[in-house]
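J.: Take this structure, written in structure tokens, and hold onto it; I'll ask about it next.
Only the coordinates and a few stated rules stand behind these numbers; no lab work does. All of these numbers come straight from a predicted model, not from anything done at the bench. A quick note on method: Cβ atoms are made from the backbone with ideal geometry, for glycine too, and the neighbour counts reach across all protein chains shown.
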Ligand code: NAD
């Protein structure tokens, strides 16, 4: 495993991170035993970065991750979120209550990173002037080590990174075999400010796997078709689409960790193989030929004024 500094946080994270949304049954029901084995296998294989949220499985993922990490907390860099629940609430009072609830479920007294979850669903000025300052107070209290934001629309993430005092940005579905616009809007801003960058959903939330997307997947049809075509091409060439998709993301020069959601130990084992995989020289030309029409295609998320679409 390789590790990278996460911006100026002082945290060193594994370049493959464990996305814990599947632990909340977000991609289909899994058992507590699967969760435990997946998390333990990940730790054994050198993954030290775990990302969760109270929203995933409406607290189920945090509780399961807390249980699986019992006795291993000090080996890992733990990230959770605030602001997204059944409804959104980015108020300072909810942020303060949220971290205490998360710490209880996660069975720890601090997290390494706290992210405001899907900020495009909140008011931009509230995020900057109320939510993030409330999160800084938690840092002073020792409950969180660093703070940041997550979300889909790149222009809003870039604007908040430019104007607010944050340590980390988590972006998803903007840098992988299908989506390529991360570096156009966000990377230059966070890099210039020394803000850590996490890239999530290297499989485009399963569009780039042979199992195909979950029913709730928000991508427009053209993205689904191009995802299926890319998977078919890789299989025709005798390549494992997962290894190719992950390796492509791991090659990003500034991203510190690529967060992939994992449901069981077999997926962890398979994903770890991407570390030793080299992208064949002419493969990207062929893949780009298939996927180029959707490299900048995203979908609406959050309030209209915060949207890129
Ligand atoms: P992803 O692209 O990582 O896909 C996850 C899906 O792929 C799951 O169904 C998983 O079981 C499956 N998968 C993983 N490895 C596999 C393998 N080897 N073979 C077959 N299937 C495999 O999408 P994601 O889970 O949405 O993103 C990763 C993580 O990033 C999330 O779990 C979460 O922690 C984080 N994230 C955060 C936000 C946010 O803050 N707004 C948004 C998206 C993702």
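J.: Please list the radius of gyration and Dmax for the stretch 159-309, considering alpha-carbon atoms only, with Å as the unit.
T.: 15.6, 47
J.: With a point put 7 Å past each Cα toward its Cβ, work out how far residue 101 is from residue 125 in nm, to one decimal.
T.: Inter-label distance under the simple model: 2.8 nm.
J.: Further question: Using alpha carbons only, how many angstrom separate the centre of the stretch 1-65 from the centre of the stretch 157-200?
T.: If you average the Cα positions of each part, the centres end up 21 Å apart.
J.: Taking the simple approach of a point 7 Å from Cα along Cα-to-Cβ for both residue 4 and residue 210, what is their distance in nm?
T.: Roughly 2.9 nm, to one decimal.
J.: Additional query: Could you work out which residue, out of 76, 52, 168, moves most in a Gaussian network model of the chain, that is, has the largest mean-square fluctuation with Cα springs under 10 Å?
T.: Highest fluctuation of the listed residues: 76.
J.: Right, here's the next one. When a footprinting reagent is the concern and you count Cβ atoms within 10 Å, what order do 262, 234 take, fewest first?
T.: 234, 262
J.: How big is the equivalent ellipsoid of the stretch 63-203 along its three axes, where each semi-axis is √(5λ) from the Cα gyration tensor, reported in whole Å from largest to smallest?
T.: Ellipsoid half-lengths, sorted descending, are 24, 18, 14 Å.
J.: Between residue 276 and residue 74, what is the spin-label point distance in nm, taking each point 7 Å from the Cα along the Cα→C-beta axis?
T.: For the pair residue 276/residue 74, the computed spacing is 3.2 nm.
J.: Is it possible to state the helix-based mean residue ellipticity at 222 nm for the chain, with each DSSP H run of 4+ residues giving -39500 (n - 2.57), the sum divided by total residues, to the nearest 500 deg cm²/dmol? What is it?
T.: My calculation for the chain gives -10500 deg cm²/dmol from helical runs alone.
J.: May I pose another question? Note the angle between two axes, namely the Cα long axis of helix 92-106 and the longest principal axis of the Cα atoms of the chain, as a number of degrees from 0 to 90, rounded to the nearest 10.
T.: On a 0 to 90 degree scale, this one is about 70.
J.: Sticking with this structure for a sec: Which residue fluctuates most in the GNM of the chain (Cα springs below 10 Å): 89, 221, 118?
T.: Among 89, 221, 118, the largest GNM mean-square fluctuation belongs to 221.
J.: Which value, in Å³ per residue, describes the convex hull spanned by the Cα atoms of the chain?
T.: 116
J.: Continuing with the same structure: Using only alpha carbons, build the gyration tensor for the stretch 134-195 and give me the equivalent ellipsoid semi-axes, biggest first, whole Å.
T.: Semi-axes, largest first: 24, 12, 9 Å.
J.: Separate question: By how many nm would the segment from residue 44 to residue 58 lengthen if fully extended, with 0.36 nm per residue of separation less the alpha-carbon distance?
T.: So the extension gain works out to 2.3 nm.
J.: Specify whether the C-alpha gyration tensor of the stretch 248-309 places it in the rounded, prolate or oblate class, a ≥ b ≥ c being the square roots of the eigenvalues: rounded for a/c under 1.5, otherwise prolate if a/b is larger than b/c and oblate if not.
T.: Because a/c hits 1.5 or more and a/b fails to exceed b/c, the stretch 248-309 counts as oblate.
J.: Now a separate question. Which of 131, 258, 31 moves the most in a Gaussian network model of the chain with Cα springs under 10 Å?
T.: 31
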